[in-house]
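Accompanying notes for the structure given below.
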C-alpha cells in the first residue's frame, strides 16, 4: 500500500512539473488563415480572418497550440472552424459551420473526430444545394473513410449505404434507394475502389436494367491478381494500376437528384459541385479506375528485349559452336581423306612392285629353253595361274583400300605358287576359267570373285 501511494505521489509531482514548464497563453484577434485545418472554401477569399486559441511556447519561441481553438472567416457567407489541440495535434471533435450572410442561420455543417492530428472516428456532414441536400454519417481512419457510410438525400427521400475497406476504398455491395417519384433501387458492386457492376431496379414496374458491368472474366482476373502493395492487377496479359477517381464524369448517375441537370453520380457526391461532401472532407482514396501501368510495360518491353538479345547471343554461340564442330569435322574428314589417299598410294605402290616381281617370277624370257627355241616356247610359265592372277590384278579398284589389301594377299599366294608344284592348281584354274566363259576364258573385265576365292581358299592346299 505504501509503495502504491509513493508511486502516485511521484506521478502527480512529475505531472505538475511538466505542466509547470508549459505556460499557457491565449491569442485572440486577427489571424492569417491556418494551413493545417479543414474548412469550406477556406482557400478562397481573404487571406485573413479572426481567431482565438491557447498555446505555449518552446524555448526557441515556436508556438504549440494546446487547448481550445476557433477560427472565423468570410467568403460570401460566414464560416467557423472550432476544436481542440493537444500539444500541437488536433484531438477530439472538430466542428465546421457555415452561416448565411444575411440570416446568420447555420447552413452547411460538419463534425469530425480527430486523433493524433488526423480524422480518426465518427463524422457527420450536412451540405445543401439550391434544390438538393446531402446528409452523411460514417467513420474515418487516418484521414480516409472506413467501414459503413450512410448518405441521405432528403429532397428525393433517397438513401445510400455502402462500405469502405481499411485503406479507404469502396468495397463490396452498395445500395442506393429513392422513394420519391418513381421508386428505384440501384445495386453496385465495388472491389478495392473499382466499380464492377451497376444494376438498376424500377420498383414501379419491376424492370431490371444493367447500367454497367465488366466482363466476368475481367472481374475474376482483377480479383485474382490484385496486389494491395502497389495497387496493380492483370487483365488479358496487361498490367494495370489503380488510380483515384476525382471526377464523376465516368461514373453512373445515382438517380437521387432528379432536379439536377444531368443527374449526380456517386463520385460527384463525394467530390464534385455542390452539394458534395468534400466541401468539408476531402476524398482520400474512395473510388478508382484502371490505367495501363506504363512502368510495367516499359520494364516488360526491356525484359523482352533483353530476352531476345540473350536468345540471339545464345543462337550466335550455338552457331559458332556448330561451325566450330563442322570445321573440326571437316578438318578431321580432310585428315582422314589425306591419310586414306596416302594409304591407297602406299598400297598401290606395293601392289605395283609385287606385280613386277610376279611378272618376273613367271616370265621365261631369259630361260635356256626360251633362248634356244624362241617363240616355240611360251614366254609365261604356269600360264593358267599367271593369267588368272592378271585378271584379278587388272580388275582391282585402286580406290578401294580393302580391295588393294586383298590384292596384296593374293599376290603373296601367287608368289608362293611360283616355286611350288602347281599342276592341280593350274588344272583347277583352267576349269574355273572355261566354266565361267569358255570362249574367252581369260578375258579382262570379267567377274573375278571365283578366282579370288580359289586363290585364298584352295590354291596353296592343292600344292601339297
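The values are calculated or read from the model by the stated rules, or taken from the named source; none is laboratory data. This one's a predicted model, so the numbers in the text were calculated from it and none came from an experiment. Here Cβ is always computed from backbone atoms with ideal geometry, including for glycine, and neighbour counts include all displayed protein chains.
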query = On the given criteria, is residue 302 out of contact with any helix residue (DSSP H, G or I) (no Cβ under 9 Å at 6 or more places or on another chain) and either loosely packed, with under 10 Cβ neighbours inside 10 Å or free of Cβ contacts under 8 Å to residues at least 24 places away in the same chain (or both)?
reply = yes
Scope region 174-222; condition under 15 Å from residue 158 (Cβ atoms) and touching a residue at least 24 places away in the same chain (Cβ under 8 Å); matching residues = 174, 176, 178, 180, 181, 184, 186, 188, 200
task = For region 40-49, indicate whether the set of residues that are over 16 Å from residue 281 (Cα atoms) and either assigned to a strand (DSSP E or B) or at pLDDT 95 or above (or both) is non-empty.
result = yes
Residue among 295, 273 that alone is within 30 Å of residue 174 (Cβ to Cβ) and either surrounded by 10 or more Cβ atoms within 10 Å (Cβ to Cβ) or not assigned by TED's automatic domain parsing to the domain that holds residue 149 (or both) = 273
inquiry  = Looking only at strands (runs of 3 or more DSSP E) that lie completely in region 198-244, which have at least 2 residues being out of contact with any helix residue (DSSP H, G or I) (no Cβ under 8 Å at 6 or more places or on another chain) and surrounded by 15 or more Cβ atoms within 10 Å (Cβ to Cβ)?
reply    = 238-244
ask   = Do we find that residue 315 is assigned to a helix (DSSP H, G or I) and in contact with a helix residue (DSSP H, G or I) (Cβ under 8 Å, 6 or more places away or on another chain) in this structure?
value = no
key: region 131-153: number of residues that are without any contact (Cβ under 8 Å) to a residue 60 or more places away in the chain and under 17 Å from residue 274 (Cβ atoms)   = 2
query = Hey, among 135, 163, which residue is in contact with a strand residue (DSSP E or B) (Cβ under 7 Å, 6 or more places away or on another chain) and farther than 24 Å from residue 91 by Cα?
reply = 163
key: Residue tally, condition over 16 Å from residue 275 (Cα atoms) and either modelled with pLDDT under 90 or surrounded by fewer than 18 Cβ atoms within 10 Å (Cβ to Cβ) (or both), over region 94-110   = 6
key: Hey, residue 56 at pLDDT 95 or above and in contact with a strand residue (DSSP E or B) (Cβ under 8 Å, 6 or more places away or on another chain) or not   = yes
remark   = Quick count over region 128-139, residues being assigned to a strand (DSSP E or B) and either under 21 Å from residue 175 (Cβ atoms) or outside the structural domain of residue 255 (by TED's automatic domain parsing) (or both), is 7
request  = Could you please let me know if residue 257 is in contact with a helix residue (DSSP H, G or I) (Cβ under 7 Å, 6 or more places away or on another chain) and in a loop (DSSP other than H, G, I, E, B)?
outcome  = yes
inquiry  = Six or more apart or on different chains, Cβ atoms under 8 Å: show the pairs whose first residue is in region 276-291 and farther than 16 Å from residue 129 by Cα and whose second is assigned to a helix (DSSP H, G or I).
reply    = 283/270; 283/277; 286/267; 286/270; 287/266; 287/267; 287/270
inquiry  = Quick test of your reading of the structure: residue 125 fulfils all but one of (1) in a strand (DSSP E or B); (2) assigned by TED's automatic domain parsing to the domain that holds residue 29. Name the failing condition by number.
reply    = (2)
query = What tally of residues in region 95-108 results from selecting those that are part of a strand (DSSP E or B) and free of Cβ contacts under 8 Å to residues at least 40 places away in the same chain?
reply = 5
inquiry  = When you scan region 151-168, do you find a residue that is over 38 Å from the mean Cα position of the chain (by Cα), in a helix (DSSP H, G or I) and surrounded by 15 or more Cβ atoms within 10 Å (Cβ to Cβ), even just one?
reply    = yes
